[in-house]
Amino acid sequence: MNPSALPRKQKIAAEKPKEPKLPNLEDRKIPTFDQKDVTVVFVLGGPGAGKGTQCAKIKEDYDFVHLSAGDLLREEQQREGSQYGELIKSYIKDGLIVPMEVTIVLLENAMKDAMKKQNKSRFLIDGFPRKLDQAVKFEEAVVPCQFVLYFECPEEVLLKRLLKRGESSGRIDDNIESIKKRFRVFADTSFPVIEEYETQGKVKKLSCENSVDGVYDEVKKIFDNLFNQ
Ligand SMILES: Nc1ncnc2c1ncn2[C@@H]1O[C@H](COP(=O)(O)OP(=O)(O)OP(=O)(O)O)[C@@H](O)[C@H]1O
Ligand SMILES: O=c1ccn([C@@H]2O[C@H](COP(=O)(O)O)[C@@H](O)[C@H]2O)c(=O)[nH]1
Ligand SMILES: [Mg+2]
C-alpha cells in the first residue's frame, strides 16, 4: 500500500516499525545455574578471528556444546513470527550489539535445551559477551564463566578472512562497510570486556594467525590441562 494514502497516524506506523518489548532481566539477581554443575567458557576475539572454527573442534574433543550468539541471533531473525526479526537484522547489518535481553534469553534457552535433551553441562559461548553490561548480567542471571578464551589477531588478517568468507557465507555483514563497523565496535565496546576479565585473571590468550590446526594445538594445551577428554 502507498503510505501517502494512509491517514497521518497510520503513515507514521508504516514508516517506523514498533520497537518490540524486550524480556525484563532487571530482577534476575540469582543465577539460573550453579557453577558447580555448569561450565561456561566465553570464546572471544575480533570478527573473523576463527572462534566458530575452533569451537567446532573443541566441542568434538572435550564434550562441549557450542553456542554462537551470532548464530542464535541469525536463527531468531529468520524464525517465522519472531517479534525481534527486524530489530536483529538492522543491528547485525550495522555491526551493532543487539540489546542484551534478547541475546541472554536465547543463550539461556539454548543451554536449558541442551541440558535437558542431551544431558550436557559444558558450554562454549562464542562471540558473547560483547559489552560489559552483558557480561555482568549474564553472570548475575545465568551463571558465572569459568574463563575466557581470547583469540588475538591483527585487523588486516581478519579483513582478508572475512572478505574471503563473504564470497560464500551469505552473511549480510560480510561486506566491507559492515566489516569496518564491526571492527570499530569490537575495539571500542567489546575489547573492554576482555580487559575486565584480564583484571580478574580469567583470560587465556592465544594468537590466531597460525593455521587452523596450528591454533588448535595451542587450544588443546589449555583444554587438556582443565578437562578430561
Ligand atoms: N587459523 C585460520 N587460518 C586461516 N583461516 C581461518 C583460520 N581460522 C578460521 N579461518 C577462516 O576465517 C573465516 C572466519 O572464521 P570463523 O567463521 O571461524 O570466525 P569467527 O571468529 O567465528 O567470525 P565471526 O566473528 O564473524 O563470527 C572462515 O572462513 C574460516 O574458514
Ligand atoms: O552477543 C552478541 C553476538 C552477536 N551480535 C550481533 O551479531 C553479529 C554477528 O556476530 P558474530 O559473532 O560475528 O557471528 C554482530 O556483529 C552483532 O551485530 C550481538 O549483537 N550480540
Ligand atoms: Mg562466528
Considering only protein heavy atoms, what is the solvent-accessible area of T39 at a probe of 1.4 Å, reported in Å² to the nearest 10? 20
Highest-first arrangement of 129-135, 211-217, 177-183, where packing means the average Cβ count within 10 Å: 129-135, 177-183, 211-217
Where labels lie 7 Å past Cα in the beta-carbon direction, separation of T32 and S207 in nm: 3.9
Relative contact order of region 34-219, pairs being alpha-carbon contacts under 8 Å that are 6 or more residues apart, as %: 35
In Å², and per residue, what accessible area does region 34-219 have when probed at 1.4 Å with the other protein chains present? 49
How many nm separate the modelled label positions at S168 and D217, each set 7 Å beyond the Cα in the direction of the Cβ? 2.6
Gained length - D61 relative to K89, 0.36 nm times residue gap less alpha-carbon distance: 6.7 nm
Under 17 Å from K221, Cα to Cα: lysines that are on another chain or at least 8 residues apart: K51, K57, K59, K202, K204, K205
For D188 and V136, FRET efficiency with R0 = 22 Å and r from the beta-carbon atoms, rounded to 0.05? 0.80
How much of the accessible area of region 70-229, in percent, comes from carbon and sulfur atoms when a 1.4 Å probe is used? 46
Overall form of region 152-229 per C-alpha gyration tensor (a/c, 1.5; a/b vs b/c): oblate
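The values are calculated or read from the model by the stated rules, or taken from the named source; none is laboratory data. Just so it is clear, the model here is predicted, and its values are computed rather than measured. Every residue, glycine among them, receives a Cβ derived from its backbone with ideal geometry; neighbour counts consider all protein chains shown. The accessibility values were calculated without ligands, DNA or RNA, using every heavy atom of the protein model including side chains. Shrake-Rupley method; radii C 1.70, N 1.55, O 1.52, S 1.80 Å.
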